[in-house]
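In what follows, a structure is listed as structure tokens, so that the remarks can point back to it.
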Amino acid sequence: MNSADPSILIVDDMPKNIQLLGSILKNESIDIEFATSGKEALEWLQSRHFDLVLLDIMMPEMDGFEVCRKIKENPDTTDIAVIFITAKTDIQSVIQGFEIGAVDYLTKPFNKNELVARVRTHLTLQRQKRMLEQNNALKNKIFSIIGHDLRNPVGNIKTYIDAFLISGMEVSDEVRFLLKDVSILSEQAFSLLDNLLLWAKNQSGVLTSKPVRTDITEIINNAVHMVQNQADNKMISIHKLPMKKMEAFFDPEQIAIVLRNLLWNAVKFTPKGGEIFVSADIVSDRDKSFVNVEVIDNGIGINTEDQKKLFDSRHHYTTYGTNNEKGSGLGLHLCREFIEMNGGSIGVHSEPGKGSTFFFALPI
């Protein structure tokens, strides 16, 4: 028998029943073992891995229900699929079987073709489940590499270059220009890695929102500072419209990422010499008050059809900026998810050739 073949443990106190099941499944490329008692079955399960257990209910000393319960209570065996095969046909027994963790229930006398079909189905599901677990493990490893082995060094590159540029050391204009360009590129790479890591964590359900009452104007000021180098490189002016202190209830880190992404997009799609405006005010809707934030640019704009794709995770929409800047398409998906996690809403108004206004509202 091939070690890659699925494995089944047949548990029945009647040897003739084991022999019958074995004969039916012998041509299915399945590794089959058997046990004639609940105690023996549990010993088998401790000594090796099985994909599926075909379990009789009515057995002396330990019935099938108790065996199944112990299988599901043990972290080492809880993922093994259990199918009850029994003469007990009352609805209460069927319900009890499913309640304690069985995936299926066949009553004797059973149809041979039905038995084979159900065994194949559950073995397929088990194989797919293992593949999914392996893929998740690989995905988590990749995210770990992104989060630490790549993200941190890229962030350090920008830090070191910026420190050098403000140190006052004399270098040629050409070298200074190249260093500024490297700083911007490393910042873009850091943003991409950061977005990818956060989006992946959010999709995995690992990321949670921790709202606190926060002044949105501080978040705006910090976000503008973060993208200032990129804006300066394209001679784009960023104007913060007059705004007073406005507190709302949100997760500061998540909303900072939203603002940073919206501003980076504005810089990306605004031509050299363009302008970006950032505003925040308080709006009311049906006796509820919100802080409304807008990022307005006079860039290339977005057509109506593409606007529908921007925040939709079913679409991967990305395009080059006015200076051939690349994007991943993840930023706006992440923005929508973070805004919704904070109880807010996000949207866009845009017209090709006239610029775009991205806006979001957060509850006060």
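Summary of computed values
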| quantity | calculated |
| --- | --- |
| Label of the coordinate-derived value, mean projected area of the Cα convex hull in nm², listed as [x] 27.5; [y] 18.5; [z] 19.9 | [x] |
| Estimated inter-spin distance, E305 and K16, nm [label 7 Å along Cα→Cβ] | 7.2 |
| Additional length obtainable on full extension of the chain from D5 to E73, 0.36 nm per residue less Cα span | 21.9 nm |
| Isotropic mean projected area of the C-alpha convex hull, the stretch 7-110 (nm²) | 6.0 |
| Between the stretch 1-70 and the stretch 203-257, the Cα center-to-center distance that results, in Å | 59 |
| Label-point separation, S345 to M226 (7 Å along Cα→Cβ), nm | 2.5 |
| Excluding exposed DSSP-loop GluC sites (Glu not before Pro) (at most 10 other C-beta within 10 Å), longest clean stretch of the chain | 171-364 |
| Student exercise, the chain dipole from Lys, Arg, Asp, Glu Cβ charges, in Debye to nearest 20 | 500 |
| Hypothetical label at K108: residues of the stretch 56-73 whose amide nitrogen lies under 14 Å (7 Å Cα-Cβ projection) | 56-60, 64 |
| Stretchable slack from R127 to L165, in nm (0.36 nm times residue separation minus alpha-carbon distance) | 8.1 nm |
| Estimated FRET transfer efficiency when R0 is 25 angstrom, pair T357-L185 (beta carbons, to 0.05) | 0.35 |
| Cross-link pairs beyond the 27 Å C-alpha cut-off, checked among K180/K354; K16/K70; K72/K129 | K180/K354 |
| Whole-Hz couplings from phi, Karplus 6.51/-1.76/1.60, listed for the stretch 227-242; x for Gly and Pro | 9, 4, 4, 5, 5, 4, 4, 9, 6, 9, 8, 9, 10, 8, 5, x |
| Nearest 10 degrees, 0 to 90: helix 38-47 Cα axis against the chain principal axis | 40 |
| Estimated FRET transfer efficiency when R0 is 45 angstrom, pair D287-T322 (beta carbons, to 0.05) | 0.60 |
| Extreme residue, positive dipole direction of the chain, given options L165, H239, A361 (C-beta unit charges) | H239 |
| Additional length obtainable on full extension of the chain from E253 to S29, 0.36 nm per residue less Cα span | 75.3 nm |
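Computed from the coordinates by the stated procedures, all read-outs in this text should not be read as laboratory data. Computed from a predicted structure; not experimentally measured. Counting neighbours? That spans all protein chains shown, and the Cβs are built from the backbone with ideal geometry, glycine included.
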